[in-house]
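Here is the structure we will look at.
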Amino acid sequence: MNNLTSFLGHTSMVLPLAFIKFAVLATLGEVIGLKIQKGVFNYKGFGIVPRAIVWGFLGVVISMAMTIFSSGTPILLTNLGINITSGLFGTRLLLAFSTSVAMNLFFAPVFMTFHKVTDIHIINNGGTLKGLFKPLKFKEIFVGLDWGVLYGFVFKKTIPFFWIPAHTFTFMLPPQWRVLCAALLGVALGVLLSVAARK
């Protein structure tokens, strides 16, 4: 019972903080990306506030995913007969890399696709706060996605060459710093998305 209470108390702090960190930092990344892409920090219909809300929600999901994969990957490696209890740098690096690979292969493509769908939904509804809460036409948007860019650049290039190394570094950090590091990487994501948009 004490463990459950401790967990709920910890979660009640971590998830709201994840919302705030991603709402601020990842949205800042998109604004910087927009400046790179179009030369402005904002325009009518871009929807900074709706994007911040979506990023906050995604930040909570990312925080949960990081907890799930950082808890499950050691069990998987142990079941494969790999000793991860030595505490040596090489062992910690292997664990961090394995966790990053697992999260980026199984979680990241779904997350990135959903994020793109919400981006289009926001733009299609004029970037308004009211428009954000209109029914999401997921099927129509999903069919119309530019899969050449989404798969050929975002999945195929940014995941192996940027996100896996970046999250390997993230998982080398103490747990209390990982969500903040992931949120800071949201700034980099904004730049990468602007490159993808130019393509």
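The values are calculated or read from the model by the stated rules, or taken from the named source; none is laboratory data. Computed from a predicted model, the values in this text were never measured in an experiment. FYI the Cβ positions are ideal-geometry reconstructions off the backbone, even for glycines, and counts take in every protein chain you see. Quick note on the areas: whole protein, heavy atoms, side chains included, nothing else; ligands and nucleic acids left out. Shrake-Rupley method; radii C 1.70, N 1.55, O 1.52, S 1.80 Å.
From the Cα trace of region 100-175, what convex hull volume per residue do you get, rounded to a whole Å³?
So the per-residue Cα hull volume is 116 Å³.
Name the residue farthest towards the positive end of the dipole of region 77-185 from the options Ile120, Ile82, Phe162, assuming +1 on Cβ of Lys and Arg, -1 on Cβ of Asp and Glu, about the Cα centre.
After comparing all options, I get Ile120.
Could you work out how much longer the chain between Lys35 and Arg92 gets when fully extended? Use 0.36 nm per residue separation minus the Cα distance between them, nm to one decimal.
Length gained between Lys35 and Arg92: 16.7 nm.
Pulled fully out, how much extra length does the chain show between Phe133 and Thr85, if you take 0.36 nm times their separation in residues and subtract their Cα-Cα distance?
Value of the extension gain: 12.6 nm.
Report the one residue of Ala108, Gly39, Ser63 whose Cα lies farthest in the direction of the positive end of the charge dipole of the chain (charges on C-beta: Lys and Arg +1, Asp and Glu -1; origin at the Cα centre).
Checking the options against the dipole of the chain, the answer is Gly39.
Which angle between 0 and 90 degrees, to the nearest 10, do you get for helix 2-38 versus the longest principal axis of the chain when only C-alpha atoms count?
40
Below 21 Å, Cα to Cα, which lysines can Lys134 reach? Residues fewer than 8 away in the same chain don't count.
Qualifying lysines at Cα under 21 Å: Lys44, Lys116.
Between Ile68 and Asp146, how high is the FRET efficiency from 1/(1 + (r/R0)^6) when r is the Cβ-Cβ distance and R₀ = 25 Å? Nearest 0.05.
Approximately 0.25, to the nearest 0.05.
At a 1.4 Å probe radius, carbon and sulfur cover how many percent of the accessible area of the chain?
72
Give the relative contact order (percent, whole number) for region 16-136; include only Cα pairs under 8 Å separated by 6+ residues.
Values: 97 pairs, mean separation 39.8, N = 121.
For region 16-136, the relative contact order is 33 percent.
I need the Debye-formula profile for the chain: one equal scatterer per C-alpha, no solvent, reported as log10 I(q)/I(0) at q = 0.10, 0.11 1/Å, two decimals.
Values returned for q = 0.10, 0.11 Å⁻¹ are -0.46, -0.55.
Cross-link partners among aspartates and glutamates for Lys38, C-alpha distance below 15 Å, same-chain residues fewer than 8 apart left out?
Of all the aspartates and glutamates, those that pass the test against Lys38 - Cα under 15 Å, at least 8 places apart if same chain - are Glu30.
Accessible area per residue for region 103-199 in Å², computed with a 1.4 Å probe and the full protein assembly in place, what is it?
Per-residue accessible area for region 103-199 comes out at 56 Å².
Roughly how many debye, to the nearest 20, is the charge dipole of the chain about its Cα centre, given +1 on each Lys and Arg Cβ, -1 on each Asp and Glu Cβ, and no other charges? It would help to have the intermediate numbers written out before the result.
Numbers: 16 positive and 4 negative charges, 104 e Å.
Charge dipole of the chain: 500 debye, to the nearest 20.
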